[in-house]
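Note sheet for the following structure.
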Protein chains: 4
Amino acid sequence: MSETPVSGGPVSDAFLADLAAASHILAAQGVVDAFGHISQRHPDDPNRYFMSQSMAPALVTPDDIIEYSLDSEPCNANGRNSFLERFIHGEIFKARPDIISIVHSHSPSVIPFGLVDEKMKAMFHNAAFLAAGVPVFDISEKFGATDMLVCDGDKGIAFAESLGEKDIALMRAHGSVACGDTLQSAVFHAVYTEVNARIQHWTMALAGDRSVAALSEEEGLLADVPNQGACIRAWGLWRQRVREDVNW
Amino acid sequence: MSETPVSGGPVSDAFLADLAAASHILAAQGVVDAFGHISQRHPDDPNRYFMSQSMAPALVTPDDIIEYSLDSEPCNANGRNSFLERFIHGEIFKARPDIISIVHSHSPSVIPFGLVDEKMKAMFHNAAFLAAGVPVFDISEKFGATDMLVCDGDKGIAFAESLGEKDIALMRAHGSVACGDTLQSAVFHAVYTEVNARIQHWTMALAGDRSVAALSEEEGLLADVPNQGACIRAWGLWRQRVREDVNW
Amino acid sequence: MSETPVSGGPVSDAFLADLAAASHILAAQGVVDAFGHISQRHPDDPNRYFMSQSMAPALVTPDDIIEYSLDSEPCNANGRNSFLERFIHGEIFKARPDIISIVHSHSPSVIPFGLVDEKMKAMFHNAAFLAAGVPVFDISEKFGATDMLVCDGDKGIAFAESLGEKDIALMRAHGSVACGDTLQSAVFHAVYTEVNARIQHWTMALAGDRSVAALSEEEGLLADVPNQGACIRAWGLWRQRVREDVNW
Amino acid sequence: MSETPVSGGPVSDAFLADLAAASHILAAQGVVDAFGHISQRHPDDPNRYFMSQSMAPALVTPDDIIEYSLDSEPCNANGRNSFLERFIHGEIFKARPDIISIVHSHSPSVIPFGLVDEKMKAMFHNAAFLAAGVPVFDISEKFGATDMLVCDGDKGIAFAESLGEKDIALMRAHGSVACGDTLQSAVFHAVYTEVNARIQHWTMALAGDRSVAALSEEEGLLADVPNQGACIRAWGLWRQRVREDVNW
């Protein structure tokens with residue numbers, strides 16, 4: 001274990017509360033169950049990020065947030081356990097300076113698209129970011145038979161390579177990772193990936209051998225512009241519901 | 001921007017409360033999530049309509065309702081933002097004097113029928129109005145690659161043309177619009193379009209290559225008569241649930 | 001309108017409370033939405049039955065219960081409206097002395113089996129009563145194009161003929177009717193017909209062209225014996241939930 | 001009826017509270033409805049086990065727990081009724097000393113895999129234990145037409161033989177049984193069998209004739225190791241929710 005990394009500096013109570021609330025939102029929206037996690041890059045130091053200790057997302061409070069280096073070493077663990085798969089977050093933050101927040105989940109409707117040779121596509125404008133393509137990471141290609149977890153830096157790097165320049169990638173027989181250039185955008189991407197997957201299942205069943213008029217790549221780029229505002233509106237609704245529940 | 005249009009005159013508190021409650025009902029019934037909107041024509045001036053400011057439907061209160069001209073210019077914005085897609089409402093109200101209320105949603109079970117060449121049909125009597133046929137509007141046919149939104153008068157006109165004399169039309173890779181000759185009827189149509197879509201998905205899966213004994217057009221017309229009363233009963237139940245929740 | 005029929009005599013408060021609670025249970029279990037109704041034969045007079053006035057099941061209280069003759073004429077309407085389709089109940093009570101309680105619903109998963117030439121079968125022991133066979137009533141066979149409602153005595157008689165000696169029958173493009181020799185049994189049959197339909201949809205999808213090892217008719221008869229006790233246990237759970245909610 | 005067996009000795013209040021809470025958890029997670037049961041082996045006497053009296057799982061309290069011999073004779077019935085199918089538990093506890101807790105349910109998404117010749121497989125790492133294979137017990141093979149219940153020792157023995165060395169087995173046209181080497185593990189297995197079944201249904205529908213990249217048997221063994229910790233985390237979340245509800 002390397003030396004404890006130094007903090008990137010204090011962050012506001014509101015920052016920590018929003019990050020903790022994001023965990024509750026993902027649970028309320030059916031994206032995470034007892035598992036899954038969301039991280040956010042340090043607002044003042046791009047080489048640090050925040051994520052809760054290893055626990056069920058629906059129980060996270062601001063006091064559970066830990067700061068990490070991009071090697072996913074905790075700055076302030078204080079006896080708290082870290083998620084085994086924090087390397088997903090650290091390695092994406094290294095490889096993709098544009099990404100500010102990352103959600104990892106086992107969102108159930110999405111899993112089939114990582115098991116079958118059928119690509120996720122954007123079924124409607126709120127999921128426009130999917131029109132850029134949805135890569136699938138199969139951990140066995142590089143690492144053989146494993147416990148499926150992205151539980152060290154090498155696996156994190158390999159996953160980040162699969163992700164490439166997208167904001168979403170699936171993990172075979174495991175789950176998916178949704179990213180965003182804000183906390184709100186990462187949550188929005190995670191939620192609408194699951195919603196889109198549900199819609200796509202019914203669409204594929206209905207289509208049979210017929211074609212599906214999904215968003216084109218160009219439509220996806222255009223529709224993603226108003227989604228910036230849509231994302232703020234959705235966050236406002238979801239954040240208020242958490243506040244009603246937990247009082248922070 | 002043209003001059004601010006004058007109001008069609010004051011409306012009752014009950015009118016505004018019912019319109020705000022309709023947003024909550026649509027959210028509770030799973031027709032809208034953070035997005036979607038419902039409008040109602042001014043009871044005294046057919047050239048004006050009401051709709052909430054741009055916000056999540058589940059949070060709308062009577063104070064959020066804005067009055068619009070049929071060109072979708074706000075009469076009393078007072079700094080409140082308007083929905084980008086209000087032109088759906090204004091242009092339908094222009095083209096269809098019989099329509100009093102309009103719901104736009106991304107109701108998830110309905111979306112596949114806008115992506116695949118398979119028409120929605122009436123699976124049961126409560127959705128009888130679907131037996132008249134359900135047109136699909138593909139914005140790309142007239143406007144090429146866009147952000148998919150009906151965000152100006154021209155697109156609103158094109159959508160209203162697709163709607164024609166029906167009370168429902170789908171929008172490819174986007175959502176749908178349900179109309180009614182009362183507020184209650186528009187809500188009823190929106191809810192039972194979603195319910196019918198869920199039933200039709202299972203019916204198509206069960207049928208495979210076999211035929212589906214959906215309502216005939218004649219049965220649809222006949223079954224729509226008792227639905228006028230059914231609609232009032234459903235509204236009564238849903239409105240009471242909102243009242244228990246928000247106290248107006 | 002014939003003369004007001006005389007009452008079969010007073011019933012206990014507990015009788016009326018249980019019948020009202022059954023409406024709430026059916027709503028809570030997803031069998032009914034704003035529509036559907038449950039009736040119970042008079043405990044002292046087989047020629048009378050009880051059913052709520054025309055209203056949403058989730059709002060029914062004991063004070064909403066009306067007594068009817070088997071011609072479905074109200075004994076004590078006192079200005080309250082009757083369900084249009086009460087003739088379903090009256091005509092079954094006439095034709096089937098063994099039946100004590102009847103549920104009519106538009107239970108959504110069941111509707112596809114009335115639209116496609118594919119019979120419902122018993123997917124598991126709790127739905128054993130389905131193994132006897134599930135007839136489908138198509139109102140158009142005898143009455144041509146209608147509003148689909150069983151809204152008079154002739155249609156009620158025709159439906160009761162379709163039902164025959166079964167405890168369940170579907171109505172094409174409309175819904176279904178589940179019966180029982182007790183109030184609890186009718187509710188149990190209605191709930192498990194919907195549960196079974198959901199399971200059968202997934203089973204048919206999984207099976208494709210392969211066979212489905214549903215309960216045989218003999219297994220159905222045998223499994224229905226312990227279901228008498230199961231039905232009481234389920235009722236106990238559901239009835240307690242209503243009591244927690246409405247305090248009667 | 002043989003003589004009343006003697007108790008294996010007193011257990012702690014916490015032991016009984018956790019076992020009762022497990023029933024509530026299974027109900028909250030949609031694994032059981034009014035039916036199904038969970039047992040736990042006596043911590044000090046491997047020849048005794050505990051299970052609630054015959055009642056709906058969501059209503060169980062610590063006072064409802066009965067102690068049984070492995071012949072499924074109650075030690076302390078005190079007038080309370082036993083589940084008809086307690087022999088499932090007793091005979092597995094006899095045959096499999098490694099098993100500490102057993103869940104029997106009619107978990108709905110799982111039932112189709114007992115009706116069709118299509119094996120359940122592990123769709124993701126949280127359901128890794130399924131990768132070892134999921135046997136199906138058809139009671140009719142040995143016992144002919146029955147009421148489908150495992151209601152005596154002989155049927156319990158036959159079921160335990162079908163289970164073999166697995167922790168899960170399905171029962172044709174009935175339900176399934178999930179086992180674990182702790183209470184928490186049995187609950188985890190039961191919950192993720194149902195979750196996995198939902199995912200597998202959509203995966204099979206999406207795949208059509210194409211292959212499904214489920215967990216290999218080796219991946220299943222490896223992924224099951226971190227699931228020991230995952231199981232504790234899930235239990236922590238679910239147990240807290242019960243405590244908020246019932247105060248024990």
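Every number in this text was worked out from the coordinates using simple rules, so none of it is lab data. Bear in mind the structure is a predicted one, so any value in this text is a computation, not a measurement. So basically every Cβ, Gly included, is an ideal-geometry build from the backbone, and we count neighbours across all protein chains shown.
A Gaussian network model of chain A, with springs between Cα atoms under 10 Å, assigns the largest mean-square fluctuation among A:Lys94, A:Lys119, A:Lys166 to A:Lys119. Inter-chain neighbour count for A:142-152: the average number of beta-carbon atoms from partner chains within 10 Å of each residue's beta-carbon is 4. Averaging 1/r over each pair of different alpha-carbon atoms in region C:96-175 and inverting the result gives 13.4 Å, the Kirkwood hydrodynamic radius.
Peptides D:129-138, A:22-31 ranked from most to least packed by the mean count of surrounding Cβ atoms within 10 Å: A:22-31, D:129-138. Scoring A:213-220, C:100-107, B:152-159 by mean Cβ neighbours within 10 Å over their residues and listing the highest first yields C:100-107, A:213-220, B:152-159. Distances from D:Gly144 to itself in the other copies, using label points 7 Å out along the Cα-Cβ axis, amount to 5.5, 5.5, 7.7 nm in increasing order.
Sequence-ordered 3J(HN,Hα) estimates for region D:100-116 from the Karplus curve with 6.51, -1.76 and 1.60 and θ = phi - 60° stand at 10, 8, 9, 10, 10, 8, 10, 2, x, 5, 7, 3, x, 6, x, 10, 10 Hz, glycine and proline given as x.
Its residues counted as N, chain C yields a C-alpha radius of gyration over 2.2 N^0.38 Å of 0.98.
Using a 7 Å projection from Cα along Cα-to-Cβ, the label point at C:Asp44 is separated from the same position in the remaining copies by 5.8, 5.8, 8.2 nm, smallest value first. Within chain A, the selection of entire DSSP H helices by a Cα span of 27 Å or greater along the long axis and an average Kyte-Doolittle value of at least -0.5 returns A:183-207. With a ≥ b ≥ c the root eigenvalues of the C-alpha gyration tensor of region C:131-248, is it rounded (a/c under 1.5), prolate (a/b larger than b/c) or oblate? Judged from the Cα gyration tensor, region C:131-248 comes out oblate (a/c at least 1.5, b/c at or above a/b). Residue and whole-Å distance for the chain D Cβ lying nearest the axis of the D-onto-C rotation are D:Ala205, 4. For the residues C:Ser162, C:Ser82, C:Ser140, a GNM of chain C with alpha-carbon springs under 10 Å puts the largest fluctuation on C:Ser140. Computed over the alpha carbons of region D:69-132, Rg followed by Dmax gives 15.7, 45 Å. Shape class of the protein assembly as shown from the Cα gyration tensor (axes a ≥ b ≥ c, square roots of the eigenvalues): oblate, since a/c reaches 1.5 or more and a/b does not exceed b/c.
FRET efficiency for the pair A:Ala28 and D:Cys75, taken as 1/(1 + (r/R0)^6) with r the Cβ-Cβ distance and R0 = 45 Å, rounds to 0.55. Between copies, the label points of D:Asp117, set 7 Å from Cα on the Cα→Cβ line, lie 2.6, 2.6, 3.7 nm apart, reported in increasing order to one decimal in nanometres.
For D:Ile66, nonlocal amide neighbours, meaning residues 5 or more places apart or on other chains whose placed amide H falls under 5 Å from its own, are D:Met51, D:Ser52, D:Gln53. Between the amide H of A:Val136 and those of A:Leu170, distances stay under 5 Å, these residues lying 5 or more places away or on another chain, with hydrogens modeled in the peptide plane. Partner shielding of D:106-119 amounts to 6, given as the average count of beta-carbon atoms from other chains within 10 Å of each residue beta-carbon.
Helical runs (DSSP H, four residues minimum) scored at -39500 (n - 2.57) apiece and divided by the length of the protein assembly as shown put the mean residue ellipticity at 222 nm at -13000 deg cm²/dmol.
Within 10 Å of the Cβ of each residue in B:193-206, the mean number of Cβ atoms contributed by other protein chains is 6.
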